[in-house]
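Heads up, the thing below is written out as structure tokens.
The values are calculated or read from the model by the stated rules, or taken from the named source; none is laboratory data. All values derive from a computational prediction rather than experimental measurement. Heads up, the Cβs are rebuilt from the backbone with ideal geometry, glycines too, and the neighbour counts pull from every protein chain shown.
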Amino acid sequence: MSQEHPELIFVAGPQTGQHVVLSRTVAVFGRGSGADVLFSEEYISRSQARYEYLQAGPTLENLSVRGTWINGRRYKSGKRVLLETGDLIGVGQATQILFVAAGDDPDTALAVYREYIATGRDAFGRKPQPEKAAPEPPEPEPVVEEDDQQAWAEAEPGQPSDLPNGQAGMSTSERLEAEQKARRRKIVIGLGVYLGAMIVIAILLKARTGGKGQPWPVPPMLTGDQIAEFIRTPIRDITPNPLREEEELQEAVGLYQQYGLSDTYHLYDCLEAFKKAMAYNGKGYFDDPKHNSMYHAVLDELTDTVKSRYHNAYLQEKAEEWLRAEREFYEIIQIYRDQSGGLFENIQAHYTRVKHFHQASKPKNRRRFGG
């Protein structure tokens, strides 16, 4: 049955089966408490994407540095896409959503999706993995009955025999002893190969890590002044353009008035717009003192936020609190999204390292608490 508003149907991930009706013309998707459409998967950003119904139709704009997937294509921040019934939206690592436009029947759209996904590609562009056939059970080894053993033992010299070379003419006890020795030799050889391989792996790992037992060293810790310098770096190599300056300045002021300084996840967008406006005016400052005041307020707030979170994340990493450190560094990546500078590279290096050790610690925890 068709309905008045667009609808989201979760078809994969931890929220599979849920339906969300988009009754608002604007809605933010994300994991944060302020999101209009809440996601539960931990790898989704607090502000993942922005839905808006425009005159042209329903649209979706990515807000996350991780990107948002639509029909197998990844869209970066700031890209707006027109949606229609049947579009598959992918966020995080596993969450997939079927979009149904207003006026269309969700049940029909879901039935078409189920028929398509069996042979098509999912929201992330992946083909369905065929189920592996269960391996056939090995054929049972033939059981040698006592009468057969006696017949083999009593075989006349020169008579054809099914026994391996060297065992013809042996008594039953001699033949069994020879088989046991052969099995022991195979076991010893197999253990030797296994231990040799483990030794080679250990030597290679030690050479790679310098003998410290870690896949990579701890990235350097940035000081507060270094972080501030990265964030304050102006945009260069832009030709002055008064029209573009006015556009960027309106964008910056609009974000400032809409979100202020309390919305951490829009500080970067606001600061970037101010920086671009400043670059297009070619002066390095604004003629209006009010704009200068807004720019420095956003700059200081973003700098203080990143410095505080970075210091806390580093302390968690140093204490080997891998999960907390991973979450903290991930939040910084969501807040400061400039991927062109050394600050992002340093944060990403820390995040990759702590995520590795967090994942590596999971099996140990399961063994410890699982008995």
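Could you check segment 36-56 and list, in sequence order, the residues that are part of a loop (DSSP other than H, G, I, E, B) and more than 27 Å from T352 (Cα to Cα)? Before the answer, list the steps.
Going through segment 36-56, the residues part of a loop (DSSP other than H, G, I, E, B) turn out to be 36, 39-48, 55-56.
Once the filter is applied, which keeps residues that are part of a loop (DSSP other than H, G, I, E, B) and more than 27 Å from T352 (Cα to Cα), segment 36-56 yields D36, Q55, A56.
Are any residues in segment 57-96 within 17 Å of the chain's Cα centre (by Cα) and in a strand (DSSP E or B), and if so, which ones?
N62, T68, W69, I70, R73, R74, Y75, I89, G90, V91, T95, Q96
Residues checked against (1) modelled with pLDDT under 95; (2) surrounded by 14 or more Cβ atoms within 10 Å (Cβ to Cβ); (3) over 30 Å from R353 (Cβ atoms); (4) not charged (D, E, K, R):
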position	(1), (2), (3), (4)
D225	yes, no, no, no
R236	yes, no, yes, no
N241	yes, yes, yes, yes
D269	yes, yes, no, no
D300	yes, yes, no, no
K318	yes, no, no, no
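Only residues in segment 328-348 that are within 21 Å of I44 (Cα to Cα) count as the first member; pair them with residues that are among the charged types (D, E, K, R), Cβ under 7 angstrom, at least 6 apart or cross-chain, and list the lot.
E328/R309; E331/R309; I332/R309; Q334/R46; F344/D338
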